[in-house]
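Before any comments, here is the structure.
Laboratory data are not the source of any read-out in this text; all were calculated from the coordinates shown. All figures in this text were calculated on a predicted structure; none of them were measured in a lab. Please note: Cβ atoms are built from the backbone with ideal geometry, for glycine as well, and neighbour counts cover all protein chains shown.
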Amino acid sequence: MKTQKILWKTFLLANWLIIGLFWYQGSGNLFKTGDSGGIFLALGRLMGLSAVYMILQQFFFMGRLPWLEKVFGLDNLVKLHHKNGKWGLVFLLLHPIAIIEGYRLGSGLSFFSQFGSFLTNYDDILNAFIGLSLFVIVVGLSFTIVRSRLRYETWYGVHLLAYFAVFFSLGHQIKLGHDLLASKIFYSYWIALYSTVFGIHFIFRFARPIWLFKKHEFRVSRIEREAPHTVSVYISGKNMDSFKIKSGQFMIFRFLTKKFWWQAHPFSLSMVPNGKEIRITVKELGDFTRHVKDLKIGTKIIIDGPYGVFTNLFAVQNKVLMIAGGIGITPIRSLMEEMLEKGKDVTLLYGNRTENDIVFKKELEELSKKYGARITHIISHDESHAGEKGTIDKEKISRLVPDIASREVFLCGPALMMESVIKHLKELGTESQLIHYEKFVL
């Protein structure tokens, strides 16, 4: 897996080098003249090429390419997507500023007069400005959505604007891009880059889920109540034994009803796959999840996935500590059973607000009896609880799991809880590479 990571990083870096070499071939001579206007033009072109490559990377990282996702994990790709988006926007804004300044120094016009001249004399520049505006809106609203924790549907709708932004921006690149027009090889490479990225995006984000639906005909087979505000949805279909999924992974579900067909939501597998049906478990937290319990038996489902590297494949130790908070038990539940079946020594710390909030209580007890797994429930808002009270902190981890130094850790729960627990684990001597977690944030 380490070798594959190196190969992917080398591939991405190689494209940077190719772009840099062709840019220098087409615009490098502008530095030799010493003319300020020429230098601004050269830098503006470099910023533009860099911005486009980073935007294409955004689509590539989120294109659901299996060979990429299996190496880095969708959670890590999302983090990279967020970071890359910020820098891409910076280059995108610097590109027109530098180009306008370069031409302004040659024409003698003011900055805004030169900008107005571009907009009125070149249709492709006007379209590019619309595309730039759309990108700014997408990035700006994305930050607002994440910070304000707005609905998933809002996030999804905003990101659809990115496709229109690319459409409006492409024309001025292939018609006015100096470095592209200066080299037929670079021009062909640029078109191939676009075609490859959006080909992958279309195949794995749109075509593959439809193909899986046609192959397996996924549908709701039953719904069971797990806790006062939590239900499990069992999903069956054709040839389920050929639907390859691992315990701990998650999928993105689109329930084909009048209310929900246009929404897609990520949920983790909450039981070990048995070749007949799969199960997801949903806590009633928002507009969509509150209505999951009302889904009719037989409701058809489009499934995108599976995704995630939160699996036994990446476990290297025989002794494992699992830590779950609330509905974060879902991937832990399936992964725990698989590891126990393989003979691993598993301990679980499971935090909830009240005893009534405990999900899979009976199933966990059965696993404990069958395999001898140690399970400790930690309750934070119920003084009548006879067991451990409070939150999962450093003191409890060291006391309840005295051999923590020899255990690998799998962690899932609310973001703040995971950040706190990871800090405690590191303070207790657990190495970063032995702490596995995924936030499942898209």
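State the three equivalent ellipsoid semi-axes of the range 293-442, derived from the C-alpha gyration tensor as the square roots of 5 times its eigenvalues, in descending order and whole Å.
Working: eigenvalues 116, 80, 54 Å².
Equivalent ellipsoid semi-axes, largest first: 24, 20, 16 Å.
Along the charge dipole of the chain, Cβ charges K/R +1 and D/E -1, which of I99, F288, W261 sits furthest on the positive end?
W261
Among G343, S406, Q114, whose Cα lies farthest out toward the positive end of the dipole of the chain, if unit charges sit on the beta carbon of Lys, Arg (+1) and Asp, Glu (-1)?
G343
If each DSSP helix of 4+ residues adds -39,500 (n - 2.57) and the sum is divided by the residues in the chain, what number results at 222 nm, nearest 500 deg cm²/dmol? Present the calculation step by step, with values, prior to reporting the outcome.
Numbers: 15 runs with 235 residues, N = 442.
Value at 222 nm, helices only, nearest 500: -17500 deg cm²/dmol.
Helix 329-341 versus the longest principal axis of the chain: what angle, 0 to 90°, nearest 10, using Cα atoms?
Approximately 60 degrees, to the nearest 10.
For M336, M240, what ranking results if the residue with the fewest other Cβ atoms within 10 Å of its Cβ goes first?
Details: M336 30, M240 18.
Fewest to most other Cβ atoms nearby, the residues stand as M240, M336.
Could you work out the percent of alpha carbon pairs in the chain separated by over 33 Å, rounded to a whole number? Can you show the working numbers first?
Numbers: 44578 of 97461 pairs.
For the chain, the fraction of Cα-Cα distances above 33 Å is 46 percent.
What ranking of T299, T3, T230, T311 emerges when the number of other C-beta atoms within 10 Å of each C-beta is taken as an exposure proxy, fewest first?
Working: T299 17, T3 8, T230 24, T311 21.
Arranged by neighbour count, lowest to highest, T299, T3, T230, T311 become T3, T299, T311, T230.
Given the options K344, K300, K244, state which has the largest fluctuation in a GNM of the chain using a 10 Å cut-off (strictly under) for Cα springs.
Top of the fluctuation ranking is K244.
Kindly put V282, V197 in sequence by how many other C-beta atoms sit within 10 Å of each C-beta, fewest to most.
Values: V282 25, V197 20.
Ordered from fewest to most neighbouring Cβ atoms within 10 Å, V282, V197 come out as V197, V282.
If you wrap a convex hull around the Cα atoms of the range 9-89, how much volume per residue is inside, in Å³?
On the way: hull volume 6.9 nm³, N = 81.
Value for the range 9-89: 85 Å³ per residue.
If you place +1 on the Cβ of every Lys and Arg and -1 on the Cβ of every Asp and Glu, how big does the dipole about the Cα centre of the chain come out, in debye to the nearest 20?
On the way: 54 positive and 37 negative charges, 166 e Å.
It comes to approximately 800 debye.
How far is helix 152-176 tilted off the main Cα axis of the chain, in degrees rounded to 10, range 0 to 90?
On a 0 to 90 degree scale, this one is about 20.
Quick one: helix 111-121 against the long Cα principal axis of the chain, what's the angle to the nearest 10°, folded into 0 to 90?
For helix 111-121, the angle is close to 90 degrees.
What's the magnitude of the charge dipole for the range 312-437 around its Cα centre, counting Lys and Arg as +1 and Asp and Glu as -1 at the beta-carbon? Answer in Debye, nearest 20.
Details: 17 positive and 19 negative charges, 37 e Å.
For this selection, approximately 180 debye.
Taking amide H positions as placed in the peptide plane 1.01 Å from N, state which residues far from M322 in sequence (5 or more) or on other chains have amide H under 5 Å from it.
So M322 has HN proximity to T347, L348, L349, F410.
If all Cα-Cα distances of the range 2-205 are sorted into 10 Å bins from 0 onward, what percent lands in each bin, rounded to whole numbers?
8, 32, 35, 19, 6, 0
Most mobile of K394, K259, K276 per a Gaussian network model of the chain (Cα springs, under 10 Å)?
The residue that fluctuates most here is K259.
Can you work out ³J(HN,Hα) from phi for every residue in the range 410-418, in order, using Karplus 6.51 cos²θ - 1.76 cosθ + 1.60 and θ = phi - 60°, giving whole Hz and x for Gly and Pro?
3J(HN,Hα) across the range 410-418, in whole Hz: 10, 10, 8, x, x, 4, 5, 5, 5.
For the range 250-346, with only Lys/Arg (+1) and Asp/Glu (-1) charged at the beta-carbon, what is the dipole magnitude about the Cα centre, in debye rounded to 20?
Numbers: 14 positive and 9 negative charges, 67 e Å.
That gives a dipole near 320 debye.
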